[in-house]
Amino acid sequence: MTATTLAHSVVEPSGRSKGIAGTVIVVYAVISMVPLVWIFLTAFKSPSDSIAYPPKIVFHPTLDGTCNLFTTISRQTADYISSLPPPMNVCDRIARARNMVVAGPSNFVPRFLNSLIIAFGSTALSVVLGVTAAYAFSRFRVPAKDDLLFFILSTRMMPPIAVAIPIYLMYRELGLSDTHLGMILLYSAVNVSLAVWLLKGFIDEIPREYEEAALVDGYTRLQAFRKVVLPQATTGIVATAIFCLIFAWNEYAFATLLTSGQAQTAPPFIPIIIGEGGQDWPAVAAATTLFLVPILVFTVLLRKNLLRGITFGAVRK
Amino acid sequence: MAEVVFEGVSKRFARTQAVADLSLTVRDGEFLVLLGPTGAGKTTTLRLVAGLEAPDAGRLRMEGRDITGEPPSTRDVAFVFQQYSLYPHLSVYDNLAFPLRSPARRIPEDQVRARVTEIARLLHLQEKLDNRATRLSGGQMQRVAIGRALVRRPAIFLMDEPLSSLDAKLRAEMRVELKRIHRELGATILYVTHDQTEAMTMATRIGVLEHGRLVQLGSPREIYEDPINIHVATRLGSPSVNLMPRQLFPSVRVPEGAVTIGVRTEHVRIRKSANGAAVGRVRWIEHLGDQSHLHVTVADTDVITLADPHADLAVGDEVAIEMVAPLFFDASGERVRPGGNGR
């Protein structure tokens, strides 16, 4: 250790290359942040500001978009409005200023809940199936193991939407159209191949000796799996879960095709939020902003695991 | 503690015969070391006892009970792996407690604590109990691995080169430690190594394995002094036993059939030559402090001897060689003894 303080380490990057790397990262971050910032700002613009040209950087922030997102409003006569009791909340007040009243909540909250149920449900299912299958592939003598693994991966080789029509017809026959279960099964089917492959890599890295030690120490195979393998695979499981969640959360095409009411998720719902005189961009932007939150929270909470998960296996410890 | 008996046990992996028709009794309370090069079937032998491998043929008995088909968890053995195999997600305490917390055992937590504390004291690990298992030095990790075996008082300890990844100093310490544990607990230990020093210093008996076969079994002294073939002779002793063609020493009387003479370094006497029997030339002197190794060339063969560091010898000196207790081997490498065939 003293050597590094005396001489410059060979593997440590120089100050200059660190500076260049830092600049690149900052520029990249800014470029990828701009659309997000734009959406975030648009969420607080009035409908006319949101489509103003040239675009407004400085504007008077309003909650119009947010209110339109969460409520449905209807036009009423000025007489009727003046006969009502004073506005109960900010959305009421905004609506009445435009000769409207809040008729009730919009469908956004149920759609958002659908998204949460389906995305987290399918993630849980994919990871459970993935980790058990990966363990079996990693540890047991499975006949035609390589062929099976290739087959599992091959399900990802075509764009999933290529099978949209057969799945649509199948789901209609089975009564799975527009159900939570149907969407959870569908997303799991897509994700499980990713999960098996990712997790097999992680489990391969866990030396068998740990399980053998546990077997000799008086544990059964299943107990050893639970007490020894799972805790050590946490990193891989977390990384896999995040990937699965992001796919299921963002999926648009199948959701549009297979869900319309009951089980409709947020992605097909958000773009069709219609306000007065066409697309209600501030409401869409507000929905998009809120839509980012769960993934953001999930990823930030598990950030440490994710980073180690993605780079895991690259360097043998 | 218990006796473990191999009855004609064989195990084959694809193309290699790992263990061939092994019959062996590990006596109760014995420290039996299996010695052999890489690939001799040592580790497989241990794994067969543990139940991590199933034999293709033969039976295994422990305390008279047939354990051949039993799963590892019910065999009551403890295994110390070469790579420690400490559970990296657990603390040292939890690693040591792990075998006791097996659902099959159901030991109350206060007894677990008492046992772990006792073993930690024995292995000088009290200070480290709260550390993550991965935050230890190699020696400490190995002590935890051994401790994890000790907490249980199993019927037999199986140790697979447990000291091989330690540095020389620690290895020497751990040898003493293991021997002490063996004595204090009266444990039955089946220990595998390719390190002859470990075998010589710790073993009650040594079994020499070669290509999955038990070649010779005996006390360290027997194996060292009375090897049955060249292979066993070269396994023990450092520097290795000198092997020389019989023709180099025409004056030495040898039994019939002997083509190779083996002589250990400490059994070679060197004199400055005047009219000696075999004549060699000192090629190189290794000074080791307390002693010297003399490399002497006889014809084309290098002979290594032990010599007093103060001996009046220099490189290039002509020397006469005299052998004490030479070993004779026939063309196939088997031992031939003076005064007729066999013992």
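The values are calculated or read from the model by the stated rules, or taken from the named source; none is laboratory data. Here the structure is a predicted model, which means the values were calculated and not measured. Methodologically, a virtual Cβ is constructed for each residue, glycine included, from the backbone with ideal geometry; neighbour enumeration extends over all protein chains shown.
Using the structure shown, decide if A:Ile94 is over 31 Å from the mean Cα position of the chain (by Cα) and surrounded by 18 or more Cβ atoms within 10 Å (Cβ to Cβ). Don't jump to the end; show me each part of the working.
Details: over 31 Å from the mean Cα position of the chain (by Cα): yes; surrounded by 18 or more Cβ atoms within 10 Å (Cβ to Cβ): yes.
Considered against the rule, which asks whether it is over 31 Å from the mean Cα position of the chain (by Cα) and surrounded by 18 or more Cβ atoms within 10 Å (Cβ to Cβ), A:Ile94 comes out as yes.
Here are the criteria: (1) more than 13 Å from chain A (Cβ to nearest Cβ); (2) at positive phi; (3) free of Cβ contacts under 8 Å to residues at least 24 places away in the same chain. Tell me which single one B:Arg106 does not satisfy.
(1)
Conditions (1) in the same structural domain as A:Phe269 (by TED's automatic domain parsing); (2) loosely packed, with under 11 Cβ neighbours inside 10 Å; (3) modelled with pLDDT under 85, marked per residue:
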{"residue": "A:His8", "(1), (2), (3)": "no, yes, yes"}
{"residue": "A:Pro35", "(1), (2), (3)": "no, yes, no"}
{"residue": "A:Leu41", "(1), (2), (3)": "no, no, no"}
{"residue": "A:Leu63", "(1), (2), (3)": "no, no, no"}
{"residue": "A:Cys67", "(1), (2), (3)": "no, no, no"}
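Could you count how many residues in the range B:134-192 are hydroxyl-bearing (Ser, Thr, Tyr) and touching a strand residue (DSSP E or B) at 6+ places or on another chain (Cβ under 6 Å)? Break it down stepwise before answering.
Just the residues of the range B:134-192 that are hydroxyl-bearing (Ser, Thr, Tyr), to begin with: B:134, B:137, B:164-165, B:188, B:191.
Filter once more, so that each one left must be touching a strand residue (DSSP E or B) at 6+ places or on another chain (Cβ under 6 Å): B:188, B:191.
Count: 2.
Among the residues of the range B:71-88, how many are of a type in the set (Val, Ile, Thr), facing another protein chain (nearest Cβ under 7 Å) and surrounded by fewer than 24 Cβ atoms within 10 Å (Cβ to Cβ)? Even if it seems obvious, please write down each step before you answer.
Narrowing the range B:71-88 to residues of a type in the set (Val, Ile, Thr): B:74, B:77, B:80.
Among the residues that remain, those that are also facing another protein chain (nearest Cβ under 7 Å) are: B:77.
Right, trim to surrounded by fewer than 24 Cβ atoms within 10 Å (Cβ to Cβ) and you get none.
Summing the residues that are of a type in the set (Val, Ile, Thr), facing another protein chain (nearest Cβ under 7 Å) and surrounded by fewer than 24 Cβ atoms within 10 Å (Cβ to Cβ) in the range B:71-88 gives 0.
Select from the range B:325-343 the residues that are touching a helix residue (DSSP H, G or I) at 6+ places or on another chain (Cβ under 8 Å), assigned to a loop (DSSP other than H, G, I, E, B) and modelled with pLDDT of 85 or more and list them in ascending order.
B:Pro326, B:Gly333 - these are the residues of the range B:325-343 that are touching a helix residue (DSSP H, G or I) at 6+ places or on another chain (Cβ under 8 Å), assigned to a loop (DSSP other than H, G, I, E, B) and modelled with pLDDT of 85 or more.
Which numbered condition in (1) of a type in the set (D, E, K, R); (2) away from chain A (no Cβ under 13 Å); (3) touching a helix residue (DSSP H, G or I) at 6+ places or on another chain (Cβ under 6 Å) is the only one that B:Asp56 fails?
(3)
Please list, ordered by residue number, the helices (runs of 4 or more DSSP H) wholly in the range A:168-249 having 3 or more residues that are hydroxyl-bearing (Ser, Thr, Tyr) and assigned by TED's automatic domain parsing to the domain that holds A:Ala287. Explain how you work it out, then say what you get.
Numbers: elements: A:180-205, A:208-216, A:221-224.
Filter on the range A:168-249 gives A:180-205.
Closer than 20 Å to A:Ser126 by Cβ and either free of Cβ contacts under 8 Å to residues at least 24 places away in the same chain or within 14 Å of chain B (Cβ to nearest Cβ) (or both): is that true of A:Phe225 in this structure?
On the way: closer than 20 Å to A:Ser126 by Cβ: yes; either free of Cβ contacts under 8 Å to residues at least 24 places away in the same chain or within 14 Å of chain B (Cβ to nearest Cβ) (or both): yes.
The answer is yes for A:Phe225.
Could you tell me whether any residue of the range A:201-220 is in contact (Cβ under 8 Å) with a residue 60 or more places away in the chain, more than 14 Å from chain B (Cβ to nearest Cβ), on the phi < 0 side of the Ramachandran plot and surrounded by fewer than 20 Cβ atoms within 10 Å (Cβ to Cβ)?
Among the residues of the range A:201-220, at least one is in contact (Cβ under 8 Å) with a residue 60 or more places away in the chain, more than 14 Å from chain B (Cβ to nearest Cβ), on the phi < 0 side of the Ramachandran plot and surrounded by fewer than 20 Cβ atoms within 10 Å (Cβ to Cβ), which makes the answer yes.
When you scan the range B:193-218, how many residues do you find that are surrounded by fewer than 20 Cβ atoms within 10 Å (Cβ to Cβ) and of a type in the set (A, V, I, L, M, F, W, C)?
Within the range B:193-218, residues that are surrounded by fewer than 20 Cβ atoms within 10 Å (Cβ to Cβ) and of a type in the set (A, V, I, L, M, F, W, C) number 3.
Within the range B:89-103, how many residues turn out to be within 18 Å of B:Leu136 (Cβ to Cβ), aliphatic (A, V, I, L, M) and facing chain A (nearest Cβ under 10 Å)?
Looking only at the range B:89-103, we keep the residues that are within 18 Å of B:Leu136 (Cβ to Cβ), and these are B:89-98.
Restricting the remaining residues to those that are aliphatic (A, V, I, L, M) gives B:90, B:92, B:96-97.
From the residues that got through so far, the ones that are facing chain A (nearest Cβ under 10 Å) too are B:90.
So the count comes out to 1.
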